[in-house]
1. Out of the residues in segment B:189-205 that are in a loop (DSSP other than H, G, I, E, B) and touching a residue at least 60 places away in the same chain (Cβ under 8 Å), which is farthest from the other protein chains (Cβ to nearest Cβ)?
2. Name, by its number, the condition in (1) assigned to a helix (DSSP H, G or I); (2) within 11 Å of chain A (Cβ to nearest Cβ); (3) over 24 Å from residue B:193 (Cβ atoms) that does not hold for residue B:265.
3. Sort through B:229, B:280 and tell me the only one that's closer than 21 Å to residue A:70 by Cα and either more than 10 Å from every other protein chain (Cβ to nearest Cβ) or part of a helix (DSSP H, G or I) (or both).
4. Consider segment A:11-65. How many of its residues are under 30 Å from residue B:264 (Cβ atoms) and in contact (Cβ under 8 Å) with a residue 12 or more places away in the chain?
5. One residue is enough: does segment A:44-57 have a residue meeting the conditions part of a helix (DSSP H, G or I), at the interface with chain B (Cβ under 10 Å from one of its Cβ atoms) and not aromatic (Phe, Trp, Tyr)?
6. Residues that are part of a helix (DSSP H, G or I), surrounded by fewer than 17 Cβ atoms within 10 Å (Cβ to Cβ) and either at pLDDT below 90 or among the β-branched types (Val, Ile, Thr) (or both): does segment B:14-28 have at least one?
7. Which pairs have Cβ atoms under 7 Å, sit 6 or more apart or on different chains, and link a residue in segment A:259-286 that is outside the structural domain of residue A:110 (by TED's automatic domain parsing) and surrounded by 16 or more Cβ atoms within 10 Å (Cβ to Cβ) to one that is among the hydrophobic types (A, V, I, L, M, F, W, C) and modelled with pLDDT under 85?
8. Could you check, for segment A:103-117, whether at least one of its residues is within 27 Å of residue B:118 (Cβ to Cβ), aliphatic (A, V, I, L, M) and outside the structural domain of residue A:290 (by TED's automatic domain parsing)?
Amino acid sequence: MTLPAGTNGIRQSLASFRKEREADWKAFEALLARVEKRAPRALSEDELLSLPLLYRSALSSLSVARATSLDSALIAYLEALCLRGYFYLYGARRSLRARIGDFFLRDWPAAIRDLWREVWVAVGLTVVGALAGYWLVASDKRWYDAIIEPGLAGGRNPDSSAEMLRSVLYDGGTTHFLSGFAAYLFTHNTQVAILAFALGFAFAVPSVLLILMNGCMLGAIFQIYMAKGLGFELGGWLSIHGTTEMFAIAIAGAAGMRIGTRIAFPGELTRMAAAAQAGRVAATAMIGVTVMLLFAGLLEGIGRQTISSDAARYAIGGAMLSFWICYFYLLRMVRHGNG
Amino acid sequence: MATARNPALLVRPLITPEGVDLRVRLADAGTRAAAFLLDVVIMVIATVVISLVALFGLAGLRAERIQPLFIVWIILIFLLRNAYFIVFEAGRRAATPGKRMLGVRVAARSGAGLTIDQVIARNLMREIEVFLPLSILAARGGTDVADTLSTIFGLVWALLFSLFPLFNRDRLRVGDLLAGTWVVEAPKVALLEDLSQRQDPFSSKFKFSVAQLDAYGIAELQKLEDVLRRDDYFALKAVAETIAHKIGAKVEPVDSKPFLTAYYGELRAHLERKLLLGNRKADKHAR
């Protein structure tokens, strides 16, 4: 039996297909390698314009090769090349500056507004926790050690004298190196906030507990100061950074709760889609939380140690709080005006 | 694992706006773990270097000048822990150095471009996947035995998150699930020579009939391609013997490679001709 006619013809036409297109593939590959390393500015105008054309040509080659060729190495090469091109061309990227601007002007406040319900719940939980902490320590002072780790309390406990308690409020400046302390506080608080966020995944339960516990500690420490008549002074000491810090931790908890509740109750979306949607809002809020904690760390590490007047402390704390509230909830109106 | 045996289970459709299905392949759990370990090694080395520099810096300076170095050290370690993954994955290659070495990258499950909030969401969740179990272990080292039961409980709970990718079809981490991302293979593949164009002076003496070419299909053709590209003498000899036996040809062991080259070329042309006429002969059992 003889071979059917045309086998050689097929071989030759496929070989010429490859020979004709190969230059385009190589050119596309070289261009991709360049733009993946450096900014697109490194390309000339012609090269930039040829990029989508070469991409489409590679895609069409892939379709032809899949339909007619059985050279699996060739198909694997084209698939990998097209995928790289696809990710580059359709992974629309804006410049870093535009993205940062967008984040501060739109994304961050929008994410916080989107979380308003959870933020209220988190603030409410903090208050409930604080009341509970206050009441517990007032009823039995042994609760204090259970709520606040002795290491964190810095020697303050229900049996401390008023002078000792007062001294903690007004002389930080001599012992710590200030900005180092601020950096430490910032990293520590951020880690706690990230944990409050990430734990939300377990149906929000751990986030709720963390926020309650945070409130409890606040209430407990307030109780021992109030008992010595130093409540007002402690308020100043805490509020200079605390308004920013507590707000940030409440937002982190709120972000965690959003994720947990959306996974538990996805609504009309599938559970996966609901989780992904919640995750993106929450992640934007979390970047904002990091920025807020940076401010809080600076205020706590530097501001609190150097400013020892109660009035100034309250003024700074109040100003920060009103700044955040205006920024998150009122910036929207400004933008409406701008269209 | 099932996916290790059947790689086709990890292929997902990705249809470009031009209407071509790019068939992305998800990275398997082993690749993911290896990439992560590489990144950990890089991070640990960086930490050690930064700390050494800080230590020697501290030794050389007097006390009042320690402070700036201390701040830099704290901030750098913090950035390394939290920003390493985010910065690299938000970059143009959407991959950390570890991922890049293994030829995988992060992509949005929707097929759209990867946004920065997705990268952040998937990486902040690392906190409960990696650092939580580690800190539970570290706390275990610090406390007494009274705690053992709760430590074990906490560790098992934390490991549920760490091992999450093994429990779902798409190999999603908790972070991937929340961010709407997955990790796909995006290797750089070099264009290899076309085997059917290979000129071998000894190949031309082999001629095959249609019946001999009908013995195999596309699946076998691709296996044969692998063997020829690997160019291992014993594999070539074994495969040549098998094929010669099946199609009733006589081949000397020294002629294995020319014979296979010739058979590959003829078989491919034969099957490509069928393909052109609308018959994709998947394997030797197909007609």
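The values are calculated or read from the model by the stated rules, or taken from the named source; none is laboratory data. Treat the numbers as computed from the prediction; the structure is a model and nothing was measured. Positions of Cβ are generated from backbone atoms using ideal geometry, with glycine treated the same way; all protein chains shown enter the neighbour counts.
1. Out of the qualifying residues, it is B:200.
2. In the conditions (1) assigned to a helix (DSSP H, G or I); (2) within 11 Å of chain A (Cβ to nearest Cβ); (3) over 24 Å from residue B:193 (Cβ atoms), residue B:265 misses (3) alone.
3. Exactly one of B:229, B:280 is closer than 21 Å to residue A:70 by Cα and either more than 10 Å from every other protein chain (Cβ to nearest Cβ) or part of a helix (DSSP H, G or I) (or both), namely B:229.
4. Residues in segment A:11-65 being under 30 Å from residue B:264 (Cβ atoms) and in contact (Cβ under 8 Å) with a residue 12 or more places away in the chain: 16 in total.
5. So far as segment A:44-57 goes, yes, one or more of its residues are part of a helix (DSSP H, G or I), at the interface with chain B (Cβ under 10 Å from one of its Cβ atoms) and not aromatic (Phe, Trp, Tyr).
6. No, segment B:14-28 has no match at all.
7. none
8. Restricting attention to segment A:103-117, the residues satisfying the condition of being within 27 Å of residue B:118 (Cβ to Cβ) are A:103-117.
Next cut, aliphatic (A, V, I, L, M) only: A:105, A:110-112, A:115.
Now restrict to residues that are outside the structural domain of residue A:290 (by TED's automatic domain parsing): none.
Taking every residue of segment A:103-117 in turn, none turns out to be within 27 Å of residue B:118 (Cβ to Cβ), aliphatic (A, V, I, L, M) and outside the structural domain of residue A:290 (by TED's automatic domain parsing).
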